[in-house]
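Chemist: Quick one: structure below, then a few questions.
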Amino acid sequence: MIFFSRINRKSTPAAVKKVVFDEMTISSRVEELASEISRDYQGKDPIVAGILQGALVFTRDLVKNLSFPVSPDFIRISRYGRQSRTGEVEIVKDLQEDIQGRHVLLIEDIVDTGLTLNYLVRILLERNPASLAICTLLDRTELRLAEVPIKYVGFNVNDEFLIGYGLDYREYYRDLPFVATMNLEVVEPRTADRRQQTTDNRQ
Ligand code: PRP
């Protein structure tokens, strides 16, 4: 008899302090959100648009679970400095689709101050979509500075630094299958060095 066991391709990085939402928890919540969205948008042929980079993984998983066929669109923005209180953003990769007259569902990984989305929503509303709603995996309301009309929330989170499932620390850890708090004291080598280190460890 052959037993198939799940191969753990990557070891958990030392920067992971505590897993907050594991793979199973995320996956079942994504399914619940997808059911809700499927009901609300059935027959409406919405544009489902992920905001890069953070929402790439969440968007992919959400779309897979929707009951209607949809090809996700993506938008990428650049913020004018993290400290900016205006949330002003520049679109560096625009949506492929013309959203005029269409129902748009924007997908985010996390909403903190809300400044980014508040600004982006205003830009997109100028294009006269039939409707525009937001779905975020994580909502950190205690940091909110600007109003954002979030319709679907995966999980509420507190003010801890989170990595994984799209969320990064200096572009690292987006590929972790779970959401975790981060041990900020741990400074890990860059990816290329990590690979080299893993190879060295095998020798
Ligand atoms: C994160 C997140 C949101 C934004 C939320 O993006 O994906 O877009 O911050 O912050 P706010 O509510 O305070 O405006 P980030 O700038 O880290 O880029 P990323 O998506 O490429 O990770």
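No value in this document is a laboratory result; all are computed from the given coordinates. Given the structure is predicted, the values throughout are model-derived calculations rather than measurements. In this analysis, Cβ positions are derived from the backbone assuming ideal geometry, glycine residues included, and neighbour counts consider all displayed protein chains.
Chemist: Output the relative contact order of the range 16-202, whole-number percent, from Cα pairs under 8 angstrom with separation of 6+ residues.
Modeler: Dividing the mean separation by the residue count of the range 16-202 yields 22 percent.
Chemist: List residues of the range 102-119, by number, whose backbone nitrogen lies under 19 Å from a label position 7 Å along Cα→C-beta of L143.
Modeler: 107-119
Chemist: Along each of the three principal axes of the Cα atoms of the range 16-202, give the extent in whole Å, ordering the values from largest to smallest.
Modeler: Over the range 16-202, Cα extents along the principal axes are 56, 37, 30 Å.
Chemist: Label points 7 Å out from Cα along the Cβ direction at S27 and S67: separation in nm?
Modeler: Rounded to a tenth, the inter-label distance reads 2.2 nm.
Chemist: Could you give the dipole magnitude of the range 16-202 about its Cα centre, charging the beta-carbon of Lys and Arg +1 and that of Asp and Glu -1, in debye to the nearest 20?
Modeler: Its charge dipole is roughly 200 debye.
Chemist: Can you tally the net charge around L162? Count Lys and Arg as +1, Asp and Glu as -1, for every other residue whose Cβ sits under 11 Å from the Cβ of L162.
Modeler: Overall, the nearby charge balance is -2.
Chemist: How would you rank R127, R39, R170, going from fewest to most other Cβ atoms within 10 Å of each one's own Cβ?
Modeler: Ascending number of Cβ neighbours within 10 Å: R170, R39, R127.
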